[in-house]
Amino acid sequence: MAGKLGVVVIAHNDEALVGDAIRSVLDQGPVVAEVVAVDDGSSDGTARVLDELAALHPRLRVVHRTVNSGGCGTPRNDGVRAVTAPIVIFLDSDDVLPEGAAETLVAAAERHGAPVAVGACVRRELPEGRDVRWQPALYREPAVLESSDDLLPLVHDTLCVNKVYDRAFLSEHGIRFPEGRCVYEDFLFTARVLAAAPRVAVVPDTVYIWHVRRAGARLSISLDRDAVANWEARIAAHRTAVETFEAAGRKELAAACRTKFLEHDLRLYARDLREHDAAYRAAWWELTRAYLGTFGEGEIAAAAAPARWAARFVLAAAEPRDLERLSRLTADPARLLPPYALGGDVPVWSEDLPVELDGVDTLPLDRLPLLVDGDLRAGTTGGAGAGMGGSLRLTVRDLYGRLSVAVPRTARVDFVPRGADAPARTEWTELTEGPAGWSGRVPAGLTGLAREGRRSGNRGVQLWDVRATVTCADGSAVTTALRLPTQRQRRSLVPSSRYGVLLVRQYTTANGSLAVRLAPGVRDGLRAIGAKLRRISRSSH
């Protein structure tokens, strides 16, 4: 496999990061024949950094664009034209390739005679370092996809960077990126690739690390969603992708692409809609209803609940409304907030907007948007080992009688450090039925949580997520994050024999879930308070 791969790295004003990207490629070994770095008219020191690296590494060549193209497509096309190796892969200047990625992908492509090979991508949230696998269901085991039906799931993976491509295949089918400023150029490139119906080799290995820096001074053009123009661009890219599939006679891929829009794109933007101002909401609502109006009812029905419920609600409402409910329904995990109205005997959105919520009576319990409320009380609690750590009361709400039939019996509560997969501590409780639902209480053990955080190396403010797994008398179970009613958000100071004082804050995350912030000790507590005051000061200006 030596010398099989050419890597195209695109860069614009990334002098501090592009060196790491280049080094991650050169470290892939002899499978990489060449690296073509395209500087897209940078105004900082990016060009200098690339030229200095090229002077040290013969495999690296630099293409200098004198004028910025405004997007990612043009520099990638320039890179493909400059590459001479038979296989090509793309890398952005603020991301990296993990060890062995190039050889893994090229080996899979060669072994199966596949023009395209794809592997798993990890989104690494910085500076926290939290890793989230992108579309994990697609990359659980090796596979070779040969028919159009085989390719349907890949419609959900619109990234172009976690794949290698045979250059002859791209040339034969005239596959290129859109030129100029195109916010979602990877949507269109990926659609053109799949429309050509290549054999695709799938590997479960992580082959790309996508760095997400939301707090950076400059967001990537796809993550910069403050203006409604971003949503307009996403709709336009999606519409063109569907048209690409239809023009190629791949109607099954076009249908899958529409379903993906409802299950992913619509939910991604609808959950944040209430955070925007009235002008954004009105424009977003108009754009979305116009585009959803081009969908047939059969296409909407093909989407999973709750995505199809959200789509029907937006179509039925003439103007933005019920944004808190829409936000929680489209979040992950999904939750349907009351009221739980009926139109006759059929669950509907509300009495004045009777959009049917089909499937409530037949969906498995673990797919229902169930609501579990949580209320954390800091202070002394009973229970072995609880100590000066508070308690957590949870209440499982019924949803159109589904839980009354299943009968919740127990709940397992997991306290999970932010960014981790496994809980640091687990507590169990029996559930008792009452007027509001099924309730139970577990010791929070806040001092013990802080100690666990310190043991794992977290010396500052700690963030903890809380999950509950509810098991019913019929054997069914559901796992979800807890909801914190907004009026109950609070801060507490808890005396601690270990830390002197423990600053505790329960709050609501962006997706509406209960989370806990712990600052053990006076120093960390004062830092947390100071950081909060600085955020308030910045927002007031």
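The values are calculated or read from the model by the stated rules, or taken from the named source; none is laboratory data. Remember, it's a predicted structure, so these values are computed and weren't measured experimentally. No Cβ is skipped: glycine too gets one built from the backbone with ideal geometry, and neighbour counts run over all protein chains shown. Please note that ligands, DNA and RNA were not included when accessible areas were found on the heavy atoms of the full protein model with its side chains. Shrake-Rupley method; radii C 1.70, N 1.55, O 1.52, S 1.80 Å.
Results, tabulated for the structure shown:
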read-out: Paramagnetic label zone (point 7 Å from Cα along Cα-to-C-beta, ARG123; backbone N under 17 Å) in the range 420-445; value: 420-421
read-out: 222 nm mean residue ellipticity, helices alone, for the chain (DSSP H n ≥ 4; -39,500 (n - 2.57); rounded to 500); value: -9000 deg cm²/dmol
read-out: Gyration tensor verdict on the range 243-377 (Cα atoms; rounded if a/c is under 1.5, prolate if a/b is larger than b/c, oblate otherwise); value: prolate
read-out: Backbone N under 17 Å from the HIS156 label point (7 Å along Cα→Cβ), restricted to the range 234-264; value: 253-264
read-out: Area of ILE87 that stays accessible when all protein chains are in place (1.4 Å probe, Å², to 10); value: 10 Å²
read-out: Mean separation of Cα contacts under 8 Å (6+ apart) over length of the chain, as relative contact order %; value: 9 percent
read-out: Sites ALA282 and TYR400, calculated FRET efficiency, Cβ-Cβ separation with R0 41 Å, nearest 0.05; value: 0.80
read-out: FRET E, pair GLU433, THR509, Förster distance 22 Å, beta-carbon r, rounded to 0.05; value: 0.15
read-out: Extension gain (nm, one decimal) between SER147 and HIS57, 0.36 nm per residue minus Cα-Cα; value: 28.2 nm
read-out: Alpha carbon convex hull of the range 272-315, volume per residue in cubic angstrom; value: 63 Å³
read-out: Under the Karplus curve 6.51 cos²θ - 1.76 cosθ + 1.60, θ = phi - 60°, whole-Hz ³J(HN,Hα) for the range 319-329, x wherever Gly or Pro sits; value: 8, x, 7, 6, 6, 5, 5, 4, 4, 6, 5
read-out: Percent RCO, i.e. relative contact order, over the range 1-91, from Cα pairs under 8 Å lying at least 6 residues apart; value: 41 percent
read-out: Heavy atoms of GLU172: accessible area, 1.4 Å probe, square angstrom to 10; value: 140 Å²
read-out: Calculated diffusion of the chain, Stokes-Einstein form, Kirkwood radius summed over Cα pairs, 10 °C and 1.306 mPa s, µm²/s; value: 62 µm²/s
read-out: Per residue accessible area in Å² of the chain, where ligands, DNA and RNA are left out and the probe is 1.4 Å; value: 43 Å²
read-out: Per-pair calculated FRET efficiency, R0 = 45 Å: LEU353 and ARG81 via Cβ, rounded to 0.05; value: 0.25
read-out: Loop-resident sites, the range 340-440, for GluC sites (Glu not before Pro), counting at most 16 other Cβ within 10 Å (DSSP); value: GLU351
read-out: Most positive-pole-ward Cα, ALA102, ALA334, TYR507, against dipole of the chain from beta carbon charges; value: TYR507
read-out: Column: log10 I(q)/I(0), Debye, Cα scatterers of the range 144-246, q = 0.11, 0.12, 0.21, 0.24 Å⁻¹; value: -0.39, -0.47, -1.25, -1.43
read-out: Prolate/oblate/rounded label for the range 39-82 (Cα gyration tensor, a/c 1.5); value: oblate
read-out: Contour excess over end-to-end distance, with Cα ends at GLU246 and ARG225 and 0.36 nm allotted per residue; value: 4.7 nm
read-out: The chain, accessible surface, carbon-and-sulfur percent (1.4 angstrom probe); value: 50 percent
read-out: For the range 40-117, fraction of C-alpha pairs farther apart than 14 Å, in %; value: 72 percent
read-out: Whole-number Å³ per residue for the convex hull built on Cα positions in the range 161-210; value: 95 Å³
read-out: Charge context of VAL470, other residues only, Cβ under 9 angstrom, K/R +1, D/E -1; value: +2
read-out: Additional length obtainable on full extension of the chain from ARG491 to ALA290, 0.36 nm per residue less Cα span; value: 68.0 nm
read-out: Share, in percent, of DSSP beta bridges within the chain that are antiparallel, nearest 5; value: 70 percent
read-out: Where the Cα pairs of the range 1-65 fall when distances are cut into 5 Å bins, in %; value: 4, 19, 33, 24, 12, 6, 1, 0
read-out: Ratio of Rg to Rh over the range 382-452 (Cα coordinates, Kirkwood Rh, two decimals); value: 1.05
